[in-house]
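One structure below.
The values are calculated or read from the model by the stated rules, or taken from the named source; none is laboratory data. Bear in mind that the values here come from a model prediction, so they are computed numbers and not experimental data. Here the Cβ positions follow ideal geometry from the backbone for every residue, glycine too, while neighbour counts run over all protein chains shown. Please note that ligands, DNA and RNA were not included when accessible areas were found on the heavy atoms of the full protein model with its side chains. Shrake-Rupley method; radii C 1.70, N 1.55, O 1.52, S 1.80 Å.
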Amino acid sequence: MENLLNPVLFFQFFGSTCTICLILFYLALNLDADGIMNQLSFCWLLVVALTQLLLFCWYGNDLTYESDSLTKAIYDSPWYDTSLSFRKNLGIMISRSMKSSYLTGGKLYIVSLETYRAIIGASFS
């Protein structure tokens, strides 16, 4: 899944971030020059771009959270009532699930709510 979504998420974030920056730049320069309807249409486009990024980051964050809670869920199962071979398999599962799973964009950033907060903070500061 990471290999498939890696380039897609990179271009998605790059495009959305460029769109957000250009919209904010336009709104900052043309605050009083155009009519109110034009300003509102650009504000609506800004909301759409931010929501689009939020959806990717939300589900990327959910994937990371569920990946992190998998180890605890395996350990909390009644493993002590099972056979020795099953316990060995659970040990292998626990050791493999200790490494977090997450989606990245271009291997540059992790798709999460922290990334979204960083984009929002950089855009509006």
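Quick rundown of the values:
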{"read-out": "Percent accessible area from carbon and sulfur atoms, segment 72-125, protein chains only, probe 1.4 Å", "value": "63"}
{"read-out": "Using alpha-carbon coordinates, inclination of helix 2-29 to the longest axis of the chain, degrees", "value": "30"}
{"read-out": "Probe 1.4 Å, protein heavy atoms only - accessible area per residue of the chain in square angstrom", "value": "69"}
{"read-out": "Simple Cβ-charge dipole of the chain, Lys/Arg +1 and Asp/Glu -1, about Cα centre, in debye nearest 20", "value": "520"}
{"read-out": "Area accessible to solvent at D81, 1.4 Å probe radius, in Å²", "value": "120"}
{"read-out": "The chain - Rg over Rh from alpha carbon coordinates, Kirkwood radius", "value": "1.23"}
{"read-out": "Carbon + sulfur, % of accessible area of segment 1-42 - ligands and nucleic acids excluded, 1.4 Å", "value": "76"}
